[in-house]
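First the structure, in the form of structure tokens, and then the observations on it.
Rule-based calculations on the coordinates, nothing more; no lab input. What you are looking at is a predicted structure, and each value in this text was computed from that prediction instead of being measured. Because the Cβ atoms are built from the backbone with ideal geometry, glycine has one as well, and the counts that use them run over all protein chains shown.
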Amino acid sequence: MTSNASSPGHESTIVLHIEGMTCNHCRMAVERALLNVPGAKSAKVDLAASTAQVTFDPAKAGRDEMVRAVEEEGYRVSS
Ligand SMILES: [Cu+2]
């Protein structure tokens, strides 16, 4: 067993429920906003489910930053 003190591959994945996304344009706007957050690694919106799955480096960003990015784009995060 080796213990790696500073593992660089640390990441968190969260799912946000977003209101107001109606079309492909919305999907792309939200994905782009999420990816623009420093530390974001991937963002995948499911239009039918009204959710966004975001993976990010927890040392650089958190859920609050992701919610703010979505809201600045004009959408509401319901949970
Ligand atoms: Cu749209």
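Can you tell me which residue is nearest to the ligand (Cβ to nearest atom) among those in region 33-50 that are assigned to a helix (DSSP H, G or I) and in contact (Cβ under 8 Å) with a residue 24 or more places away in the chain?
By that ranking, first place goes to A33.
Given the criteria loosely packed, with under 13 Cβ neighbours inside 10 Å and touching an Asp or Glu at 6+ places or on another chain (Cβ under 8 Å), does H17 qualify? Steps first, please.
Details: loosely packed, with under 13 Cβ neighbours inside 10 Å: yes; touching an Asp or Glu at 6+ places or on another chain (Cβ under 8 Å): no.
It is false that H17 is loosely packed, with under 13 Cβ neighbours inside 10 Å and touching an Asp or Glu at 6+ places or on another chain (Cβ under 8 Å).
Would you check if V30 is within 14 Å of the ligand (Cβ to nearest atom) and part of a strand (DSSP E or B)?
Numbers: within 14 Å of the ligand (Cβ to nearest atom): yes; part of a strand (DSSP E or B): no.
For V30, the condition - within 14 Å of the ligand (Cβ to nearest atom) and part of a strand (DSSP E or B) - is not met.
If you go through region 51-73 one residue at a time, how many are out of contact with any Leu (no Cβ under 8 Å at 6 or more places or on another chain), surrounded by 15 or more Cβ atoms within 10 Å (Cβ to Cβ) and farther than 16 Å from E11 by Cα?
The qualifying residues number 1.
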